[in-house]
Amino acid sequence: MPSTYKTECLVLRRQPFREADRRIVVLTPGRGKLILIARGASKIKSKLAAHLEPFSCSQIMVAVGKNNDTVAASMVKKKYITLGQSLLKKAWADYVAEIVDHVTKEGQSDPDIYCLVNDIYKYLDDIAMRTARDYLSGFLVMAGFVTKLISHLGYHPELNNCSVCHKKISSNGNAFDFTQGGVVCKSCYSDNENQGSIVPVTDATIKMLRFMFAESFTKISKLKATKVQLNELKNMIDKFLAYYIEVELKSVEFIRYLNRQKRRLSPKA
Ligand SMILES: [Zn+2]
C-alpha cells in the first residue's frame, strides 16, 4: 500500500500529461507547492477532474509514489466560480498563479503565501466587474497583491527615506531606484549615473504604494487614482516583478489586454 496524506489545496494550473492524465500544480498551506498527477483526469467524465478545476480550493488525498505523487481523491471545498467565467478575472487569476508558481519551491511550506493567494482569489471572485470602478478596484487589488508578495519575500522597499543619503524625502522630484530598493531624493537621483534602474515617481504614487504595503485588499480597492498614478503604478509593478522576483511573465500581454478591457468597460476612461 502506498503511503497517503490529506491536505487542503488551491489549484494553480493543470496541463495534459501522457494520454489521459493531468499534471496539476497546487499550493497547500502546510506542504507548499506540490506537482501531482491526476490519473484519467483528461477524460471528459472524470470525477477527479471536476474537483481539481483551476482557482478552486479542494481537499485532496495524495498517494506518494516512486516517481510521481498522485491525487487519489479530491473534493471541492470552495470554487471561485467567476474566475473561470470572466475572461478578465481569468487573466488576473492566471497572472497570480504564474507569479506564485515562479516564487514558490516544491514542498517548501509557506502558509502566508497560501493565505495571500486565497485572499486575492476570494476578492477577485467577489468583484461584480460591471463598471470602470470595478475594473479599477480589481487592478488596484492586483497591484496590492504584488506589493504584499514582494514584501513577504523580503523585498519591502524603502518608501520614507532616501535610500542613498537616508534623509526623509520631501515633496516632488523623487524617483525609485530598483538597485537601491527604495525611493531616492532629488539630489541623489540627479547625481546618480545609473539611470537605467531609476524611474521618476510622483508623491501621490509613493503614498499609494505605502498604503498598498500596509492595508487590506478591501481598503486598497477603494483607493482613488489618476491616470498618471495608474500608469506609474503599472510601471512600478512590472519592474518590481522584473527586479525582485526576476520573472518575465508570459502574461505580460496581460497589461495590454486589460487596457483593451478597460476601454470596453468605460469608453471615457
Ligand atoms: Zn538622497
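Points to keep in mind about this one:
- Just so you know, the Cα atoms of the chain work out to an Rg and Dmax of 20.7, 69 Å.
- Partner lysines for Lys90 [C-alpha distance under 20 Å; skip if fewer than 8 residues away on the same chain]: Lys77, Lys78, Lys79, Lys122, Lys234, Lys250, Lys262
- For the stretch 159-225, convex hull volume per residue from C-alpha positions, Å³: 87
- Distant-in-sequence amide H partners of Phe176 (H built 1.01 Å from N, under 5 Å): Val184, Val199, Val201
- Which of Ile120, Ile35 has the fewest Cβ neighbours within 10 Å, and the rest in rising order: Ile35, Ile120
- Taking every Cα-Cα distance in the stretch 4-80 and sorting them into 10 Å bins starting at zero, the pair-distance distribution P(r) comes out as 22, 61, 17, 0 percent.
- Within straight-line cross-link reach of Lys66, lysines at Cα separation under 27 Å, skipping those fewer than 8 residues along the same chain: Lys6, Lys33, Lys43, Lys47, Lys105
- Only DSSP H runs of four or more residues enter the estimate; each adds -39500 (n - 2.57), and after division by the residues of the chain the mean residue ellipticity at 222 nm equals -13000 deg cm²/dmol.
Just so you know, all these numbers are worked out from the coordinates, no wet-lab data involved. All values derive from a computational prediction rather than experimental measurement. So basically every Cβ, Gly included, is an ideal-geometry build from the backbone, and we count neighbours across all protein chains shown.
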